[in-house]
Amino acid sequence: MAFNWMKMIDVPKDLRLLDRNHLFEKSIAHARSILKDYDPFVHKGNRGHLGLIAGSDGMAGAAILSAMAANKSGLGKLTVGIPRKYELLIHQTIPEALVREQNELLFSNPFHALAIGPGIGLSPLSEKLLDSAISSQKAMVLDADALTLLARNPAYFKSLPGSSILTPHLGEWERLFGNSDDDESRIITSIEYCNKYNINILIKGHVSVFVTADGNFYLNGTGNSGMAKAGSGDVLTGLIGGLLAQGYSAAEAGILGMFIHGMAGDLAQEVLGSDFMTATDQIYYLSKAFKCLRISDANP
């Protein structure tokens with residue numbers, strides 16, 4: 001469901017007023033058109049390699065959630081960059097993942113895409129990691145602490161790869177771009193930044209919005225209030241990073257990622273209820289969400 005900025009009059013200031021059934025019908029058709037079919041003789045080497053930079057003291061769980069979600073994206077290979085003291089934790093919880101110490105990860109640089117931010121903290125080391133990731137000019141998704149560091153160092157905007165995806169929630173969005181009273185003004189400001197810096201912005205919320213570098217924006221028809229839990233953003237980051245590494249364009253990865261993430265949340269809500277579902281539950285329903293998207297009766 002694409003809107004050019006000239007059609008902003010079609011979008012209310014409060015996106016909660018939109019018809020979710022209509023949004024779902026439009027967004028599922030678009031998501032289906034993006035999802036790739038793979039050669040049955042494909043091997044892990046041509047299904048993409050993601051470098052995930054995540055975790056710090058007290059925040060290793062963010063790395064685990066992101067890594068688990070990346071593994072559910074169809075990704076061929078994942079390397080997690082995490083402080084050395086937590087390497088064994090990743091090995092134990094995500095046996096499919098390779099693990100490197102954060103300082104070492106970017107020097108090998110074998111990745112098709114990067115994801116950075118979940119739980120990395122705001123230390124001088126975190127700034128160094130962000131600087132190195134941006135300097136690599138890889139396809140990249142930035143979230144959480146990476147966005148806070150970007151807000152503190154706005155000069156980084158000029159250096160971001162053109163395929164970058166920023167995934168702020170409301171608080172992070174306002175740190176990056178200033179206070180905003182309504183959804184419409186946030187979309188307009190995001191379009192201005194995307195046009196200026198050739199980046200993409202996913203505004204997370206009740207109705208998530210993906211704004212592309214060419215000034216279009218897409219409203220998502222999946223997701224629910226049960227996803228307003230700690231760790232949900234980490235799941236989304238890993239999922240989008242995994243799609244980027246598989247060769248999806250930034251726009252494709254962002255649009256498909258937010259749709260699948262929301263659908264996984266809807267499937268979890270159907271079984272568990274909004275009050276009691278967690279970010280980990282979302283991960284377990286990602287595979288079913290992808291499967292639902294491939295079949296005709298995909299409405300969860």
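(1) polar (S, T, N, Q); (2) surrounded by 13 or more Cβ atoms within 10 Å (Cβ to Cβ); (3) closer than 25 Å to Ser163 by Cβ; (4) without any contact (Cβ under 8 Å) to a residue 60 or more places away in the chain: which one isn't true of Ser135, the others all being true?
Evaluating Ser135 over (1) polar (S, T, N, Q); (2) surrounded by 13 or more Cβ atoms within 10 Å (Cβ to Cβ); (3) closer than 25 Å to Ser163 by Cβ; (4) without any contact (Cβ under 8 Å) to a residue 60 or more places away in the chain leaves (2) as the failure.
Which of (1) more than 21 Å from Ile199 (Cβ to Cβ); (2) among the hydroxyl-bearing types (Ser, Thr, Tyr); (3) touching a residue at least 60 places away in the same chain (Cβ under 8 Å) is the odd one out, the single condition Ser164 does not satisfy?
(1)
Please find, within the stretch 39-60, the residue that is surrounded by the fewest Cβ atoms within 10 Å (Cβ to Cβ) out of those that are in a loop (DSSP other than H, G, I, E, B) and touching a helix residue (DSSP H, G or I) at 6+ places or on another chain (Cβ under 9 Å).
Taking the stretch 39-60 and keeping what is in a loop (DSSP other than H, G, I, E, B), we get 39-43, 47-48, 54-59.
This time we only want the ones that are touching a helix residue (DSSP H, G or I) at 6+ places or on another chain (Cβ under 9 Å), so: 39, 47-48, 54-57, 59.
Values: Asp39: 7, Arg47: 18, Gly48: 25, Ala54: 34, Gly55: 29, Ser56: 21, Asp57: 11, Met59: 19.
Here the answer is Asp39.
Out of curiosity, is Lys288 at pLDDT 95 or above, touching a helix residue (DSSP H, G or I) at 6+ places or on another chain (Cβ under 9 Å) and part of a loop (DSSP other than H, G, I, E, B)? Outline the logic, then answer.
Numbers: at pLDDT 95 or above: yes; touching a helix residue (DSSP H, G or I) at 6+ places or on another chain (Cβ under 9 Å): yes; part of a loop (DSSP other than H, G, I, E, B): no.
No, not satisfied.
Just to be sure I understand, how many residues within the stretch 249-260 are over 9 Å from the mean Cα position of the chain (by Cα) and buried (at least 24 other Cβ atoms within 10 Å of the Cβ)?
Going residue by residue through the stretch 249-260, those that are over 9 Å from the mean Cα position of the chain (by Cα) are 249-252, 255-256, 259-260.
Filter once more, keeping what is buried (at least 24 other Cβ atoms within 10 Å of the Cβ): 250, 255-256, 259-260.
Of the residues in that region, 5 qualify.
In the stretch 116-130, is there at least one residue being farther than 16 Å from Leu52 by Cα and part of a loop (DSSP other than H, G, I, E, B)? Reasoning before the result, please.
So the first thing to find is which residues in the stretch 116-130 are farther than 16 Å from Leu52 by Cα, and the list is 122-124.
Subsequent filtering for residues that are part of a loop (DSSP other than H, G, I, E, B) retains 122-123.
Checked against the condition, which is being farther than 16 Å from Leu52 by Cα and part of a loop (DSSP other than H, G, I, E, B), the stretch 116-130 yields at least one hit.
Kindly provide the set of residues from the stretch 108-125 that are touching a Leu at 6+ places or on another chain (Cβ under 8 Å) and of a type outside the set (Phe, Trp, Tyr), ordered by number. Give the derivation first.
Keep residues of the stretch 108-125 that are touching a Leu at 6+ places or on another chain (Cβ under 8 Å), which gives 111-118, 120, 122.
The answer is His112, Ala113, Leu114, Ala115, Ile116, Gly117, Pro118, Ile120, Leu122.
Under 9 Å between Cβ atoms, at least 6 apart or on separate chains: pull out the pairs that start in the stretch 31-58 with a residue that is within 15 Å of Asn71 (Cα to Cα) and without any contact (Cβ under 8 Å) to a residue 40 or more places away in the chain and end on any residue that is buried (at least 21 other Cβ atoms within 10 Å of the Cβ) and of a type in the set (A, V, I, L, M).
Listed by first residue and then by second, the contacts come to Lys44/Leu75.
In a loop (DSSP other than H, G, I, E, B) and touching a residue at least 12 places away in the same chain (Cβ under 8 Å), is that true of Pro95?
Values: in a loop (DSSP other than H, G, I, E, B): yes; touching a residue at least 12 places away in the same chain (Cβ under 8 Å): no.
No.
Can you go through Leu202, Leu150, Leu236 and tell me which one is modelled with pLDDT of 95 or more, assigned to a strand (DSSP E or B) and either at positive phi or of a type in the set (A, V, I, L, M) (or both)?
On the way: Leu150 fails: assigned to a strand (DSSP E or B); Leu236 fails: assigned to a strand (DSSP E or B).
When all the criteria are applied, what remains is Leu202.
Mind checking which residues of the stretch 149-166 are buried (at least 16 other Cβ atoms within 10 Å of the Cβ) and polar (S, T, N, Q)?
Matches in the stretch 149-166: Ser163, Ser164.
The values are calculated or read from the model by the stated rules, or taken from the named source; none is laboratory data. These numbers were taken from a predicted model, which means no experiment stands behind them. Here the Cβ is made from the backbone with ideal geometry for all residues, glycine too, and neighbour counts use every protein chain on show.
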